[in-house]
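Peer 1: Would you mind keeping the following structure in view while I ask a few things?
A short reminder: the numbers here are calculations on the coordinates, not readings from a lab. Please read these numbers as outputs of a predicted model, since none were measured by experiment. Cβ atoms come from the backbone with ideal geometry, glycine included; neighbour counts cover every protein chain shown.
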Amino acid sequence: MTDILVFGSTGQVATELQRVAAVTALGRASADLSDPAACAAAILTYRPSAVINAAAYTAVDRAEDEEALATIINGEAPTAMAEACATLNIPLVHISTDYVFAGNGTDPWRPADATAPQNAYGRSKLAGEAGIRAAGATHAILRTSWVFSAHGNNFVKTMLRLSEGRDELNVVDDQIGGPTPARAIAKACLSIAQALQSDPGKSGTYHFSGSPDVSWREFARAIFAAAGKTTCVRGIASSDYPTRASRPLNSRLENSATEATFNIPRPDWQAGLRDCLSEMRVIK
């Protein structure tokens, strides 16, 4: 598939999409998601075989003060994309988030579970999901979590930066989820787009997160171990590290439908971490 249109050009998943496939990636200068009509117009102009939306408003804390803007970018723009895709009868693959759930309990969230976002970012992403479904396009909403790569801003790069010159770090230990390599998400999006072209009946909402589920503290310790660092990681409660927006304690995602429908298993984030650190030249 060489005529896929990707929204986003510099984000983690968009970067990986351009590295693993010949896609047309639109950055903000070409398609600003704060202008939903322009996003729809881009699709109608390019007339691709499929669309992948890898762009979003992702500043979770700032969204508490900019919910209207976040909702345009994460809600109205994907809706406009889906409407354009419906017009052309092409599939849309849209990346969403575990933040659409309440984040309580310990069971992995299933795609059909009730949503109850606890912050503005989650509400804005949920608005996008609803708009896509209402548009009537062939689609896959792919919820993921804890994305990391050698590019952009993410937990791996933050931990490595904070560890410089520090022997000890405090990291929350009561938020549990599956770290997910951006490259794995990119490959999953491409496979799903192709499958939807062949079988629109596979439209729906799916989950895709790395295995095994861990806490942020456990993820940090794995990062330092793989990087050969001796930084001590002490676990703290989320209540001891307050943020502007509340974070879900339970970000576990149930992935079986994705594997059953598209033959895409959960990625091994530990292997993805080694690849990430190798690309960053932290390890050989």
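Residue-by-condition table, conditions (1) within 26 Å of residue 106 (Cβ to Cβ); (2) aliphatic (A, V, I, L, M); (3) in contact (Cβ under 8 Å) with a residue 40 or more places away in the chain:
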position	(1), (2), (3)
182	no, yes, yes
188	yes, yes, yes
230	no, no, yes
274	no, no, yes
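Peer 1: Moving to a separate point now. Can you name the condition, by its number, that residue 103 falls short on among (1) surrounded by 21 or more Cβ atoms within 10 Å (Cβ to Cβ); (2) touching a helix residue (DSSP H, G or I) at 6+ places or on another chain (Cβ under 7 Å)?
Peer 2: Residue 103 satisfies every listed condition except (2).
Peer 1: Counting only residues that are in contact with a Lys or Arg (Cβ under 9 Å, 6 or more places away or on another chain) and assigned to a loop (DSSP other than H, G, I, E, B), which one in segment 248-261 is surrounded by the fewest Cβ atoms within 10 Å (Cβ to Cβ)?
Peer 2: Here the answer is 254.
Peer 1: Which pairs do you get when a residue that is without any contact (Cβ under 8 Å) to a residue 24 or more places away in the chain and of a type outside the set (D, E, K, R), found in segment 239-263, comes within reach of a residue that is surrounded by fewer than 20 Cβ atoms within 10 Å (Cβ to Cβ) and part of a loop (DSSP other than H, G, I, E, B), reach meaning Cβ atoms under 9 angstrom, with the pair 6+ apart or on two chains?
Peer 2: Filtered contacts from segment 239-263: 239/174; 256/110.
Peer 1: Still on this structure, please answer the following. Here is a list: 220, 237, 245, 182. Which entry is buried (at least 21 other Cβ atoms within 10 Å of the Cβ), in contact with an Asp or Glu (Cβ under 7 Å, 6 or more places away or on another chain) and hydrophobic (A, V, I, L, M, F, W, C)?
Peer 2: None of the other options fit; the residue is 182.
Peer 1: Residues that are under 21 Å from the mean Cα position of the chain (by Cα): which strands (runs of 3 or more DSSP E) entirely in segment 156-237 hold 2 or more of them?
Peer 2: 204-207
Peer 1: Sticking with this structure for a sec: Would you confirm whether any residue within segment 8-21 is without any contact (Cβ under 8 Å) to a residue 40 or more places away in the chain and more than 23 Å from residue 196 (Cβ to Cβ)?
Peer 2: No, there is no match, as no residue in segment 8-21 is without any contact (Cβ under 8 Å) to a residue 40 or more places away in the chain and more than 23 Å from residue 196 (Cβ to Cβ).
Peer 1: Name every residue in segment 264-273 that is in a helix (DSSP H, G or I) and more than 18 Å from residue 19 (Cα to Cα), in order of residue number.
Peer 2: 269, 270, 271
Peer 1: While we're on this one: Looking only at segment 48-70, which residues are of a type outside the set (Phe, Trp, Tyr) and part of a loop (DSSP other than H, G, I, E, B)?
Peer 2: 48, 49, 54, 55, 56, 58, 59, 60, 61, 65, 66
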